[in-house]
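The values are calculated or read from the model by the stated rules, or taken from the named source; none is laboratory data. These figures come from a predicted structure and were not determined experimentally. Cβ sites come from the backbone with ideal geometry, for glycine too, and all protein chains shown count toward neighbours.
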Amino acid sequence: MSLDKSAIRDAATIILIRDRATRPAVLMGQRGASAAFLPSKFVFPGGAVDPNDSAIDLGPLPQPCSRRLTQESSLPPSALFAAAIRELWEETGMILGVPGAWEDAPQGWRGFAASGHVPTAANLSYIFRAVTPEGRPRRFDARFFLAEASALATDPDDFSRAEDELSHLQWVPLDQARQFDLPFITEVVLAEIAADPLRSVPDLVPFFRNDDEAHLVTRLGGQSPLA
């Protein structure tokens, strides 16, 4: 069965941040010029949720982020956390996990397991959500997560295990980010972070729906089904 490219796919994006109290910087890379989605743009690691992500045991999930992920979504929060961790591993070689044996890791996670780690979502914060506007070759309902570089189990400057989906992986100081070729929504997310780089969990999560001409923004984080 062929994939309906017009369908909106659930996705997760992860923002690693370092040096928050001095000169904050975030990890970004450049997509290929021939990529179907956001060619040549500098972006955060991320991608679509895979079916196996729903089966990953991450232990206790951080709150209130897990509750907020249930708002206007039928996807288990654990699948979104897991997708963010997997995409970070695949695209940068960075590990958000703890040492441990994982003998029955599913497809898509076996390289992570072979590193001698099991994933953990304990250090992830849900900070943003956006739907790709109509008219794009591919559309995603992306949840953005933030994590401290200090939470990594790997050297934050070692990209030797990264796949080739992103090139020019680098730590971009927030005060220099606008010098790069960024997607509009990435600029918006960076502005949210720059407004208060020391804050991990927002009071409310901005949600760019892109389902009307006004491109209205709502805020998630009030009462939820699990509150």
Pick from 132, 120, 186, 218: which is farther than 16 Å from residue 94 by Cβ, modelled with pLDDT of 90 or more and hydroxyl-bearing (Ser, Thr, Tyr)? 186
Look at region 129-164 and say how many of its residues are within 15 Å of residue 31 (Cβ to Cβ) and within 15 Å of the chain's Cα centre (by Cα). 3
Check 121, 101, 48 and return the single one that is surrounded by fewer than 18 Cβ atoms within 10 Å (Cβ to Cβ), out of contact with any Asp or Glu (no Cβ under 8 Å at 6 or more places or on another chain) and in contact (Cβ under 8 Å) with a residue 12 or more places away in the chain. 101
Exactly one of 145, 159 is of a type in the set (Phe, Trp, Tyr) and under 19 Å from residue 48 (Cβ atoms), and that residue is 145
Looking at 180, 159, 207 in this structure, which one is aromatic (Phe, Trp, Tyr), surrounded by 13 or more Cβ atoms within 10 Å (Cβ to Cβ), modelled with pLDDT of 90 or more and more than 25 Å from residue 21 (Cβ to Cβ)? 207
